[in-house]
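Some notes on the structure that comes next.
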Amino acid sequence: MISNSMNSRVGGKSKRSGELLAQKLQAEGITNPIVLRAIANSPRHIFIPEILAHKAYDNTALPIGQGQTISQPYIVAKMSELVLGEHGNKINSILEIGTGSGYQTSILAQITDKVYSVERIKSLQFQAKRCLRAMDLHNISMKHGDGWQGWVSKAPFDAIIVTAGAASVPEALLAQLVDGGRLIIPVGEETQILKIITRHGDSYNEQQVEAVRFVPLIPGDLL
Ligand code: SAH
């Protein structure tokens, strides 16, 4: 598991590793400098089991326990770019569904004002909270709950990002967007299509981005 000396693991060599990862992602087509800076500054190794630490800065998804995975850095960066949009949207508040390791949460916390994040597995949420605290990020609120329902009491959000594959688009999430807000969500079963759904009043415009593969967004039952 992740060590107790979390704070001592944040700094040091990881700075250079983060920078190299950001360079790799830039070569893969990530262009937003704000996102690249957040990747360069983030110690991905603290978000994964210590035994896998040597793979922390590879551009791959890795297991984090409970049958879940930390997303591939490319997809974390890509979704973060989509949150900011081509014109560098100002995001005052964003909702993330599927905290998992908390790595994507840490990137969002560096590129937006306030992050709300919902996770259905309590032990993952607990671990993520420790990592985010070790990074000294304090603009994050977390909830143990069912992401299909969103977070009604904190809505509306400028953006919502779902980091698990949804069999269909949750109605509750559409309803929790501001006018002009964007939902970024992988939709499908085994493999998914990453979609951007933008709200215009009571209508929604959908764009397809690319094929992706996430663990499923599971409705109901909390663990
Ligand atoms: N962004 C995370 C991705 C973790 S994998 C990371 O990079 O670490 C997806 C996460 O979604 C898992 O932790 C899983 O438990 C969570 N999840 C699945 N269904 C959910 C639901 N209905 N509500 C909240 N979280 C859910």
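Numbers for the structure displayed
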item: Per residue, in Å², the accessible surface of the chain once ligands and nucleic acids are set aside, probe 1.4 Å; result: 45
item: Rotationally averaged projected area of the chain (alpha carbon convex hull; nm²); result: 11.0
item: The chain, helix-only ellipticity at 222 nm - DSSP H runs n ≥ 4, -39,500 (n - 2.57), divided by all residues, nearest 500; result: -8500 deg cm²/dmol
item: Amide H partners (placed H, <5 Å) of TYR116, local residues excluded; result: ILE94, LEU95, GLU96, SER141
item: Fraction of accessible area attributable to carbon and sulfur, the chain (%, probe 1.4 Å); result: 51
item: On Cα atoms only, tilt of 122-134 relative to the major axis of the chain in degrees; result: 60
item: Percent RCO, i.e. relative contact order, over the chain, from Cα pairs under 8 Å lying at least 6 residues apart; result: 15
item: For segment 72-86, 3J(HN,Hα) per residue [Karplus equation, 6.51 cos²θ - 1.76 cosθ + 1.60, θ = phi - 60°, Hz, x = Gly/Pro]; result: 4, x, 4, 6, 4, 5, 4, 5, 5, 4, 5, 4, 6, x, 5
item: Using alpha-carbon coordinates, inclination of helix 14-27 to the longest axis of the chain, degrees; result: 50
item: Loop trypsin sites (Lys or Arg not before Pro), segment 70-168, which have at most 16 other Cβ atoms in a 10 Å radius of their Cβ (DSSP); result: LYS90
item: Three principal axis lengths of segment 99-223 [C-alpha, angstrom, descending]; result: 40, 31, 25
item: At R0 = 41 Å, FRET efficiency that the Cβ-Cβ distance of HIS87 and GLN66 yields, to 0.05; result: 0.60
item: Pairs beyond 21 Å (Cα-Cα), from LYS24/LYS114; LYS78/LYS122; LYS55/LYS195; LYS154/LYS195; LYS90/LYS154; LYS78/LYS129; result: LYS24/LYS114; LYS78/LYS122; LYS55/LYS195; LYS154/LYS195; LYS78/LYS129
item: 3J(HN,Hα) from dihedral phi, segment 55-63, Karplus parametrisation 6.51/-1.76/1.60, rounded to Hz, x for glycine, proline; result: 9, 4, 9, 7, 8, 9, 6, 9, x
item: GluC sites (Glu not before Pro), loop per DSSP, at most 15 other Cβ atoms within 10 Å - longest free stretch of the chain; result: 87-188
item: Net charge of neighbours whose Cβ lies under 10 Å from the Cβ of ILE91, counting Lys and Arg as +1 and Asp and Glu as -1; result: +1
item: Dipole moment magnitude, nearest 20 debye, the chain about Cα centre, only Lys, Arg, Asp, Glu C-beta charged; result: 900
item: Most mobile of ILE34, ILE51, ILE94 in a GNM of the chain (Cα contacts under 10 Å); result: ILE51
item: Segment 54-79 and segment 99-165: distance between their alpha carbon centers, rounded to Å; result: 16
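The values are calculated or read from the model by the stated rules, or taken from the named source; none is laboratory data. On a predicted model such as this, the values are computed, not experimentally measured, just so you know. Here the Cβ is made from the backbone with ideal geometry for all residues, glycine too, and neighbour counts use every protein chain on show. Accessible surface is based on the protein model in full, side chains and every heavy atom, while ligands, DNA and RNA are left aside. Shrake-Rupley method; radii C 1.70, N 1.55, O 1.52, S 1.80 Å.
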